[in-house]
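Student: Below is one structure. I have some questions about it.
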Amino acid sequence: MSRSKYVSVAASVVFSSVASSWPVFAQTAETDPSAAAGSPSVGAPDSPPSDSPPTPDVLPSMVVEGKVQKKKISKAKAKTKPVQAVTTSQPSAAPKPAGIINSRAGRNTPYGPVTDYLAAATETGMKTDTPLNEIPQSISVVGAEQIRDQDAQSVQDALRYVPGVVADGYGLDSRTDGPIIRGSTEVPEYLDGLRRTFSYYTYNYRLEPYFLERIEVLRGPASVLYGQAAVGGIINSVSKRPQSETAGEIGVQYGSFDFKQVNFDLTGPMTTDGKWSYRLTGVARDADTQVKYVPNDRYALAPAISYRPDNNTTITVIGDFQRDRTGSTAQFFPHIGTIFPNVNGKHISWDTFAGEPGDHYDTDAMAGTVLVEHKFNSWLKLQHASRYADIHNDYSAVAVNWDYLDAAQEELSRYRWMSITDTQVFNQDTNLEAKFGTGPLEHKVLAGVDFTHFHATQGWDYAYDANPDFSERPFNIYHPVYGQANWVGANCAGEAYAFTAAPKTPACDRQSVVQTGLYGQDQIRLGNWLAVLGLRHDWVDNTTNGSSQADEATTYRAGLMYEFSNGFTPYFSYAESFIPVVGFARTGAAFNPQEGRQYEVGFKYQPVGSNFSINSAIYDINDTGRLVADPINPNYSAQIGKAEVKGFEIELVGRLTKNLKSVLGYSYTQAEYAGDYEYAGNQIESIPKNVASLWAVWDFDQPGLKGWSMGGGVRYIGASWDETNTIQVPDVTLFDAMIAYETEHWRWQLNGKNLENKLYYSTCLARGDCFIGEARTITTSLTYKY
């Protein structure tokens, strides 16, 4: 059997296991919905905290056609109310251990822990506390439990088992995360609902996944709620927040490439009345990478404090202090030597370093977030989020040019890029949420305003390695010798140098982006029918080196769902996106915003009483206004690029039996260039048509084996092409595994990724280079919990 068929065979085994174990966890449609625990549906007030009296479910009356309409619920009507498919507790095969991941605090909130890989609710899809099966758009949630089980060391790592996502779009990269979602290669990242990534990666910093409660992927346009965003979707991470129960853990890790890490996560009340609570999370890492001379060091601390003066008000302040010392694992090697052997049949080893010892990618980041929630009564709520971030990046890297200088195809010339980037970002989002009824309709209306101010300065320097006669000096990529470079170059201020140290780089480039958005949304329920209508208008001012450009756009979204009593919910949705495009065409005209739209049809199915969900969708995306090389003068860009993306996705996630939890996904993505572009009809570069994955963990409950768990995963990444569709990157099947033993206070875990140590490539571009994937990585950890 070929490796590419492993995923489908494994999927059959999982579904067979579900079918054979169905009586263990299946419930009839007559299950009493009042006994189920989960997030409230549209029109119902949020669940009150456990220490407060129940809040009456009373909707405010509205004047309609001159008469006061009061909501009345008769016994007959109550019987016809749809039964919600919600997450219920399953018997645990192992004893309930201590620790934060196993704490029950906050599990019914849209930002709390995720149990058995299945989230009940989220705020990412609607900006309101909404069950996932009431959102007419594809969304996946990766919780801290799954991050731990898979030993994800980055956001990119954590998304490898999410359908519709090419997590390692540009291979292993120590500088940034580069996921691709539904054909979009520039995916914006958010943290606690506020945008955190802008422009080039040196303007940003990588999140520490250990600091996150969950990572949520909203696939498809999200501009109505979040403003400028790619048509493929967004990633919203949720910070760990203080909990009302005392819990904590401290762990140590060791692994491949001399990976050494200490991490801790502590939380609990600060006062006896419970009004003040805290959380303190930290990571200290000293590590190398699969590429020689590239470290992977990090020191990070995330303190958080919550103040809850009463049951209706919560104020949380979260800090993030991070110091990264790394380099670039992306070495930008040419096609010959990677995807193709050289004339002597050689391939470049993935530990080869083409730079100079001392190359670095150093980032210092400080950020502070304020989250406020106040309930005026059972139907009106105010939410506010704001953040200020200050990021300093010092980048120096040497890379190779892609044309060989010798007949043996071993010697390449090199160039050096250095930059100093300072970035400040302030953004805020404030909204009011109102729940009320108008006749038979129940509404959850959201109205808000958000604001972003991004400012960055950058100085840079470019040089090449030269012989005394100023010709390009050769560097043997198979037998590298370091410390002999002679640099000839200039900085952004035009200060040239030759064979001497580079002058200090001044801040030459300045960019400022100011965005304001007004948005409104109505979630409507009429019996078993659910609908959402959304509208937003944005104003964006972008100033780059004194040249200003103003854009504005109006975007819309709409969705319709129908809930069947067995937990099956089909839906249809429409959504739009926009991205301001900065710059000018050859004619001098400013570029228009890049605009996209999507139609999506799908279903969400969570059998009543079960603890797993099956979600699927087909979609049609049209994206216009992409920049491509001007066909008349390639030194300019022309806004004639279009993309048409059609696809299918399916996901199974949750606890399938009392012993088995799993994540299964498959996606088919036909992403093609369109319009007047010379490559119209070609598959967009870096995007495989087929991606499939299966991850499963078995918890043992036999005598003598309680506390043990064993898991594994298989990832199939289909073939992809460069933009000219002449260079094919072969498909690859990768295997991961884990084994763990957990007691009440201790957890030991062993993980392996890419167990066969396959040398593979994630992307090759027509410009001349390829990106290498992650080598086999083994890590072990020991954690004490209380």
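The values are calculated or read from the model by the stated rules, or taken from the named source; none is laboratory data. This one's a predicted model, so the numbers in the text were calculated from it and none came from an experiment. Virtual Cβ from ideal backbone geometry, glycine too; neighbours counted across all protein chains shown. Heads up: the accessible areas ignore ligands, DNA and RNA and are worked out on the full protein's heavy atoms, side chains in. Shrake-Rupley method; radii C 1.70, N 1.55, O 1.52, S 1.80 Å.
Student: Say each of Leu705 and Leu535 gets a label point 7 Å from the Cα, pointing the same way as Cα to Cβ; how far apart are those two points in nm?
Tutor: 6.0
Student: Would you mind finding the longest exposed-site-free stretch of the chain, with exposed GluC sites (Glu not before Pro) meaning DSSP loop and at most 16 other Cβ atoms within 10 Å? Walk me through the numbers on the way to the answer.
Tutor: On the way: sites that count: Glu30, Glu65, Glu186, Glu245, Glu495, Glu678, Glu744, Glu756.
Excluding the exposed sites themselves, the longest stretch runs over 246-494.
Student: Probe radius 1.4 Å, ligands and nucleic acids ignored: give me the carbon and sulfur share of the accessible area of the range 239-644 as a rounded percent.
Tutor: On the way: 10040 of 16970 Å².
Percent of accessible area from carbon and sulfur atoms in the range 239-644: 59.
Student: For Arg557, Arg510, give the ranking by accessible area with the largest first, probe 1.4 Å.
Tutor: Values: Arg557 25, Arg510 120 Å².
Accessible-area ranking of Arg557, Arg510, largest first: Arg510, Arg557.
Student: A follow-up question, please. Compute the FRET efficiency between Asp676 and Asn635 as 1/(1 + (r/R0)^6), taking r as their Cβ-Cβ distance and R0 = 25 Å, and round to the nearest 0.05.
Tutor: Given R0 = 25 Å and the Cβ-Cβ separation, E is 0.85.
Student: Can you give the charge dipole size of the chain about its Cα centre, rounded to the nearest 20 debye, using +1 on the beta carbon of Lys and Arg and -1 on the beta carbon of Asp and Glu? If you can, show how the numbers build up before the last one.
Tutor: Details: 66 positive and 87 negative charges, 566 e Å.
Roughly 2720 debye, rounded to the nearest 20.
Student: What does the extension gain come out to for Lys275 and Thr726, with contour length at 0.36 nm per residue minus their alpha carbon separation?
Tutor: Numbers: separation 451, 0.36 × 451 = 162.36 nm, distance 6.28 nm.
That works out to 156.1 nm of additional length.
Student: Would you work out which of Tyr361, Thr452, Ala498 lies farthest towards the positive end of the dipole of the range 352-498? Charges go on Cβ: Lys and Arg +1, Asp and Glu -1.
Tutor: Checking the options against the dipole of the range 352-498, the answer is Thr452.
Student: Another question about this same structure. With +1 on each Lys and Arg Cβ and -1 on each Asp and Glu Cβ, how big is the dipole of the range 239-644 about its Cα centre, in debye rounded to the nearest 20? Each step should come with its number before you reach the end.
Tutor: Working: 30 positive and 47 negative charges, 231 e Å.
The dipole magnitude comes to about 1120 debye.
Student: Could you rank Asp116, Asp620 by how accessible they are, 1.4 Å probe, largest area first?
Tutor: Output order, biggest surface exposure first: Asp620, Asp116.
Student: Still on this structure: How far apart, in nm, are two points set 7 Å out from the Cα along the Cα-to-Cβ line at Cys492 and at His455?
Tutor: Result: 1.6 nm between the two label points.
Student: Kindly provide the chymotrypsin sites (Phe, Trp or Tyr not before Pro) of the range 187-226 that DSSP labels as loop, not H, G, I, E or B, and whose Cβ sees at most 12 other Cβ atoms within 10 Å. Mind showing how you got there, number by number?
Tutor: Values: sites: Tyr190, Phe198, Tyr200, Tyr201, Tyr203, Tyr205, Tyr210, Phe211, Tyr226; in loops: Phe198, Tyr200, Tyr205.
Of the chymotrypsin sites (Phe, Trp or Tyr not before Pro), not one in the loops of the range 187-226 has a Cβ with at most 12 other Cβ atoms within 10 Å.
Student: Let me ask something else about it. Along the charge dipole of the range 239-644, which of Tyr562, Ile315, Tyr464 sits closest to the positive end, that is, farthest toward it, with unit charges on the beta carbon of Lys, Arg, Asp and Glu (+1, +1, -1, -1)?
Tutor: So the residue we want is Tyr562.
Student: Let me ask another. Determine the gain in length on full extension of the stretch Tyr599-Leu432; use 0.36 nm per residue of separation and subtract their C-alpha separation, reporting nm with one decimal.
Tutor: Values: separation 167, 0.36 × 167 = 60.12 nm, distance 2.82 nm.
Stretched out fully, the Tyr599 to Leu432 stretch lengthens by 57.3 nm.
Student: Pop the C-beta distance of Arg767 and His384 into the FRET formula with R0 = 41 Å and round what comes out to the nearest 0.05.
Tutor: Working: r = 45 Å, r/R0 = 1.09.
Efficiency for this residue pair is about 0.40.
Student: Could you give me D for the range 289-422, from Stokes-Einstein at 20 °C and 1.002 mPa s, where the hydrodynamic radius is the Kirkwood radius over C-alpha pairs? Units µm² s⁻¹, please.
Tutor: On the way: Rh = 18.9 Å.
The calculation lands on 114 µm²/s.
Student: Contour minus end-to-end for Asp406 and Phe648, with contour as 0.36 nm per residue of separation and end-to-end as the Cα-Cα distance?
Tutor: In short, 82.5 nm is gained.
Student: Then there's this: Put a dot 7 Å past each Cα toward the Cβ at Thr743 and His347; how far apart are the dots in nm?
Tutor: Placing both labels 7 Å beyond Cα along the Cβ direction yields 4.5 nm.
Student: OK, next. Taking the dipole about the Cα centre of the chain, with the C-beta of Lys and Arg at +1 and of Asp and Glu at -1, give me whichever of Ser762, Ile101, Tyr679 is farthest to the positive side.
Tutor: The residue sitting farthest along the positive end of the dipole is Ile101.
Student: Take the eigenvalues of the Cα gyration tensor for the range 239-644, scale each by 5, and report the square roots as semi-axes in whole Å, largest first. Walk me through the intermediate numbers first.
Tutor: Details: eigenvalues 441, 182, 120 Å².
For the range 239-644, the semi-axes come out at 47, 30, 25 Å.
Student: Using only alpha carbons, build the gyration tensor for the chain and give me the equivalent ellipsoid semi-axes, biggest first, whole Å. Could you put the intermediate results ahead of the total?
Tutor: On the way: eigenvalues 383, 189, 139 Å².
Value: 44, 31, 26 Å, ordered largest first.
Student: Now a separate question. Pop the C-beta distance of Lys504 and Tyr299 into the FRET formula with R0 = 41 Å and round what comes out to the nearest 0.05. Intermediate values should be presented prior to the final figure.
Tutor: Working: r = 27 Å, r/R0 = 0.65.
Computed FRET efficiency for Lys504 and Tyr299: 0.95.
Student: Another question, then. Any chance you could give the angle, 0 to 90 degrees and rounded to 10, that helix 6-20 forms with the longest Cα principal axis of the chain?
Tutor: Computed tilt is about 10 degrees.
Student: Ok, one more. Mind pulling up the Rg/Rh value for the range 553-604? Radius of gyration and Kirkwood radius, both on Cα.
Tutor: Values: Rg = 17.9 Å, Rh = 13.7 Å.
Dividing the radius of gyration by the Kirkwood radius yields 1.30.
Student: A further question follows. Taking the range 497-598, how much of its Cα-Cα pair set, in percent, is spaced more than 17 angstrom apart?
Tutor: 69
Student: May I have the count of lysine pairs in the range 239-644 with C-alpha atoms under 14 Å apart, counting pairs 8 or more residues apart or located on different chains?
Tutor: Numbers: Lys375/Lys435; Lys381/Lys435; Lys381/Lys444; Lys435/Lys444.
For the range 239-644, qualifying lysine pairs total 4.
Student: Could you work out the Rg to Rh ratio of the range 432-477, with Rh taken as the Kirkwood radius (inverse of the mean 1/r over all Cα pairs)? Let's see the in-between values first.
Tutor: Numbers: Rg = 30.4 Å, Rh = 17.8 Å.
My calculation of the ratio gives 1.71.
Student: Of the listed peptides 231-240, 335-344, what is their order by residue-averaged count of other C-beta atoms within 10 Å, with the highest listed first?
Tutor: Numbers: 231-240: 26.3, 335-344: 16.6.
So the peptides 231-240, 335-344, ranked by packing, come out 231-240, 335-344.
Student: Need one word for the range 245-301: rounded, prolate or oblate. Basis is the Cα gyration tensor (sqrt eigenvalues a ≥ b ≥ c); a/c below 1.5 gives rounded, then a/b vs b/c decides.
Tutor: On the way: a/c = 7.17, a/b = 3.34, b/c = 2.15.
Taking the square roots of the gyration eigenvalues as a ≥ b ≥ c, the range 245-301 is prolate.
Student: Under 11 Å from a point 7 Å along the Cα-to-Cβ line of Thr544: which residues of the range 625-658 have their amide N that close?
Tutor: 637
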